[in-house]
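Everything below concerns the one structure shown next.
The values are calculated or read from the model by the stated rules, or taken from the named source; none is laboratory data. Since this is a predicted model, take the numbers as computed values, not measurements. Note: ideal-geometry Cβ built from the backbone for every residue, glycine included; neighbour counts use all protein chains shown. Surface areas here come from the heavy atoms of the whole protein model, side chains and all, with no ligands, DNA or RNA. Shrake-Rupley method; radii C 1.70, N 1.55, O 1.52, S 1.80 Å.
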Amino acid sequence: MEKQTQTLNAPDIENGKTHFGFKQVDAQDKESMVADVFHNVAAKYDIMNDVMSLGIHRIWKRFTIDSAGARKGQQVLDLAGGTGDLTAKFSRIVGPTGRVTLSDINPSMLEVGKDKLRDMGLVQNIDYVEANAEELPFPDNQFDIVTMAFGLRNVTNKSKALASIYRVLKPGGRLLVLEFSKPTSEGLSKIYDAYSFHLLPKMGKLVANDEESYRYLAESIRMHPDQETLKSMMEDVGFENTTYTNMTGGIVALHKGYKF
Amino acid sequence: MPLRQLAAALLEQGSNTLLKLDPEHLHLLKPLTGQSLQLVITPIQWPLVLYFSATQIDISLPEQQLAEDAVDCTVVVALSALDQIRDTNNLTKLIKADKLDLQGDLKVLQNLSALLSELDLDLEKILTTYLGHTPAQYTLAFAEKAKTMGEYWFDQAQVTVAEALVEEKKLVASAMRIALYCEDVTQVRYQLDRVEARIALLERQAAQQVEK
Ligand SMILES: C[S@@+](CC[C@H](N)C(=O)[O-])C[C@H]1O[C@@H](n2cnc3c(N)ncnc32)[C@H](O)[C@@H]1O
């Protein structure tokens, strides 16, 4: 149980091995294992998000969007953007003179996102790009804002992804990472553990008929670096004025850093 | 829980539900599609930003007023004049009275005013669909009464809040000015006393001359 209450801050890759949830796997295999998870959950992803978080993920995402300070005419990259919740809002904020790129490594998630955004009538200013965050296929200094919501913990080499994001940001641009983090109180940690390791996989089974994928999601949250560690990782690749804001008692944190 | 975002989400949900009650309303969004408007109500300085698209309005409540070039139009309006900006004929008058400041594209505000005035919701039709005829009529009669009372209360509250806020702001901001003002009043009072004494003296002199 102790293993569950702590965020382990395990290094991404050691001796060619990495973590996939609580399992140790060959680093080169993690990408396809993560791909399988999101391929399996893609169709039910949106509904599961609402069920699992009781709709609170919408508020976390709104906070991220407000903190991004996007303006009309800007270029935004919604990385690991999945089904495009952030893209939809950014598309309306930057307006017809701006552009939003919805990028994800997983074609199934991207496809669900594309359909959803088209149904919302958002077609004008959105590009869809299948890409690995570790090797972004964009020129240097392209984006005013990069957001990554609930994506970074799935990436095999997080530092590489952060460096790649830094490269594609314009000077003056900013990165916002919204991710599960470490609850600030012991009591909340216990309730949260009970919820994620007992209830969440059951809910996954009930709604999406997929217990395993939701078990991975819960485990991957615990393996993700805590607030201070992620902040240092961002600073290590060059981000400045790096800060974070805890939400819902630290269950989720929003990290923000600038490229100057 | 970020309350500002929660409030924005509720406001957005409410506005879009109203807008979508009648599919015909959506065509009203057409002239506004792709545009954005920031409304800042003074003296409270609460910015509200509206982003219009073909199917909905997105609402955000940022912590601080956004820069002028972040949106298409920024409207800074006094709380007491909020009602009046719906009629675009009032705009010049309000600007002259220092109750309204407009930056950016005025057309966005005009289009929004047009949307609000055309958004004439047929509540009876909507309620009848949900409740049936008789309960709908009762509900409307009750709502009408509540509205009249509410409007009276709102008018009173608006004036009180506006005045209180303005007074509050003045008080907080200018304790120093009040001290200076008191000083000025004292000076004026001394001067008046001196003028009064001088007038009395002149009157006495004039009376003595008349006696002579
Ligand atoms: C939990 S979903 C988040 C989706 C969306 N951002 C949201 O907040 O609803 C995580 C996403 O990260 C994507 N992802 C995982 N590894 C990635 C990588 N190396 N590069 C880019 N995207 C990745 C997955 O395909 C998935 O769509």
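Under 9 Å by Cβ, and 6 or more places apart or on different chains, what pairs join a residue from region A:36-56 that is within 14 Å of another protein chain (Cβ to nearest Cβ) and under 14 Å from residue A:116 (Cβ atoms) with one that is within 12 Å of the ligand (Cβ to nearest atom) and assigned to a helix (DSSP H, G or I)?
Pairs that qualify, where the first residue is within 14 Å of another protein chain (Cβ to nearest Cβ) and under 14 Å from residue A:116 (Cβ atoms) and the partner is within 12 Å of the ligand (Cβ to nearest atom) and assigned to a helix (DSSP H, G or I), are A:50/A:57; A:50/A:58.
Quick one: how many residues across region B:53-71 are under 16 Å from residue B:18 (Cβ atoms) and part of a strand (DSSP E or B)?
Result for region B:53-71: 3.
Restricting the search to region A:48-60, which residues are over 12 Å from residue A:251 (Cβ atoms) and within 12 Å of the ligand (Cβ to nearest atom)?
A:48, A:49, A:50, A:58
So which residues in region B:1-24 are out of contact with any Phe, Trp or Tyr (no Cβ under 7 Å at 6 or more places or on another chain) and within 11 Å of chain A (Cβ to nearest Cβ)?
Answer for region B:1-24, where residues must be out of contact with any Phe, Trp or Tyr (no Cβ under 7 Å at 6 or more places or on another chain) and within 11 Å of chain A (Cβ to nearest Cβ): B:1, B:3, B:4, B:6, B:7, B:8, B:9, B:10, B:12, B:13.
Do any helices (runs of 4 or more DSSP H) lying entirely in region A:127-219 carry at least 1 residues that are touching a strand residue (DSSP E or B) at 6+ places or on another chain (Cβ under 7 Å), and which ones are they?
A:158-168
So, of the residues in region A:74-92 that are among the hydrophobic types (A, V, I, L, M, F, W, C) and part of a helix (DSSP H, G or I), which turns out to be farthest from the other protein chains (Cβ to nearest Cβ)?
Result: A:86.
Select from region A:100-121 the residues that are surrounded by 21 or more Cβ atoms within 10 Å (Cβ to Cβ) and within 14 Å of chain B (Cβ to nearest Cβ) and list them in ascending order.
Listed by number, the residues that qualify are A:100, A:117.
Which of the following residues is within 18 Å of the chain's Cα centre (by Cα) and away from the ligand (no atom under 13 Å from the Cβ): A:66, A:36?
None of the other options fit; the residue is A:66.
Can you name every residue in region A:31-50 that is of a type in the set (D, E, K, R) and in contact with a His (Cβ under 8 Å, 6 or more places away or on another chain)?
A:50
Given the conditions (1) within 11 Å of another protein chain (Cβ to nearest Cβ); (2) assigned to a helix (DSSP H, G or I), which single one is not true for residue B:27?
Among (1) within 11 Å of another protein chain (Cβ to nearest Cβ); (2) assigned to a helix (DSSP H, G or I), the lone unmet condition for residue B:27 is (1).
Failed condition for residue B:39, given (1) away from every other protein chain (no Cβ under 14 Å); (2) within 20 Å of residue B:115 (Cα to Cα); (3) out of contact with any Pro (no Cβ under 8 Å at 6 or more places or on another chain), with all others met?
Condition (3) is where residue B:39 drops out.
Failed condition for residue A:172, given (1) within 14 Å of chain B (Cβ to nearest Cβ); (2) at pLDDT 95 or above; (3) at negative phi, with all others met?
Among (1) within 14 Å of chain B (Cβ to nearest Cβ); (2) at pLDDT 95 or above; (3) at negative phi, the lone unmet condition for residue A:172 is (3).
Among the residues of region A:143-163, write down those that are away from chain B (no Cβ under 14 Å), open to solvent by 10 Å² or more (accessible area, probe 1.4 Å) and more than 9 Å from the ligand (Cβ to nearest atom).
Listed by number, the residues that qualify are A:159, A:160, A:163.
Return a yes/no flag: does region B:74-82 have any residue that is in contact with a strand residue (DSSP E or B) (Cβ under 8 Å, 6 or more places away or on another chain), modelled with pLDDT of 90 or more and within 14 Å of chain A (Cβ to nearest Cβ).
Yes, because at least one residue in region B:74-82 is in contact with a strand residue (DSSP E or B) (Cβ under 8 Å, 6 or more places away or on another chain), modelled with pLDDT of 90 or more and within 14 Å of chain A (Cβ to nearest Cβ).
Keeping to region A:177-195, report how many residues are open to solvent by less than 20 Å² (accessible area, probe 1.4 Å), within 14 Å of the ligand (Cβ to nearest atom) and more than 14 Å from every other protein chain (Cβ to nearest Cβ).
Here the count works out to 2.
Taking the conditions exactly as written (assigned to a strand (DSSP E or B) and in contact with a strand residue (DSSP E or B) (Cβ under 8 Å, 6 or more places away or on another chain)), does residue A:254 satisfy them or not?
Here the answer is yes, as residue A:254 does meet what is asked.
Scan (1) under 21 Å from residue A:197 (Cβ atoms); (2) more than 13 Å from every other protein chain (Cβ to nearest Cβ); (3) open to solvent by less than 20 Å² (accessible area, probe 1.4 Å); (4) not charged (D, E, K, R) for the single condition residue A:24 breaks and write down its number.
Among (1) under 21 Å from residue A:197 (Cβ atoms); (2) more than 13 Å from every other protein chain (Cβ to nearest Cβ); (3) open to solvent by less than 20 Å² (accessible area, probe 1.4 Å); (4) not charged (D, E, K, R), residue A:24 violates only (3).
Looking at region A:187-199, I want the residues that are within 11 Å of residue A:251 (Cα to Cα) and have a partner that is open to solvent by 90 Å² or more (accessible area, probe 1.4 Å) and not basic (Lys, Arg) with Cβ atoms under 8 Å, at least 6 apart or on another chain. Which pairs are those?
A:193/A:1
How many residues does region B:57-71 hold that are closer than 28 Å to residue B:27 by Cβ and either within 7 Å of chain A (Cβ to nearest Cβ) or of a type in the set (Val, Ile, Thr) (or both)?
The total comes to 6.
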